[in-house]
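The values are calculated or read from the model by the stated rules, or taken from the named source; none is laboratory data. Computed from a prediction, not measured in an experiment: that's the story for all the values here. Because the Cβ atoms are built from the backbone with ideal geometry, glycine has one as well, and the counts that use them run over all protein chains shown.
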Amino acid sequence: MTKATVAVMVKGIAVDLAPRGITVNNVQPGPTRTDMTAEHIDGLTPMIPLKRVGDPDEIAGLVASLAGRESGYMTGASLTIDGGLAL
């Protein structure tokens, strides 16, 4: 529910800021390998179509791409990076 709310909020903010040339996008990560998820990885992995949790560098790579010049025409998008878990 929270991710859906943020996705709607991003669209509204993107419309408001677009005239100023400011882009607003949303990254929605799924299970990611961190110290906090270490004990849950074995239980999560079977539910993910790619059969693995994400690496923080993969999430950071998407964020870096969104912050880069090549994504300057993208605004109001919500990008899910979860190994297919939301499918």
Seminar exercise, completed: Reported set for region 23-72 where residues are of a type in the set (Ser, Thr, Tyr) and more than 22 Å from THR2 (Cα to Cα) is THR45, SER65, SER71
Problem set entry | Top-ranked residue in region 52-72 [being touching a helix residue (DSSP H, G or I) at 6+ places or on another chain (Cβ under 8 Å) and either in a strand (DSSP E or B) or of a type in the set (S, T, N, Q) (or both); ranked as farthest from LEU85 (Cα to Cα)] | SER71
Seminar exercise, completed: Being in contact (Cβ under 8 Å) with a residue 40 or more places away in the chain, out of contact with any Gly (no Cβ under 6 Å at 6 or more places or on another chain) and at positive phi narrows GLY21, GLY76, GLY72, GLY84 down to just GLY76
Exercise. Is there a residue in region 6-26 that is modelled with pLDDT under 95 and outside any helix (DSSP H, G or I)?
Worked result: no
For this session: Return the residue satisfying two criteria in turn: it lies in region 28-51 and is out of contact with any Gly (no Cβ under 9 Å at 6 or more places or on another chain) and in a loop (DSSP other than H, G, I, E, B), and of such residues it is surrounded by the most Cβ atoms within 10 Å (Cβ to Cβ).
Result: THR37
Problem set entry | From the options GLY68, GLY72, residue that is loosely packed, with under 15 Cβ neighbours inside 10 Å, under 25 Å from ALA18 (Cβ atoms) and over 16 Å from the mean Cα position of the chain (by Cα) | GLY72
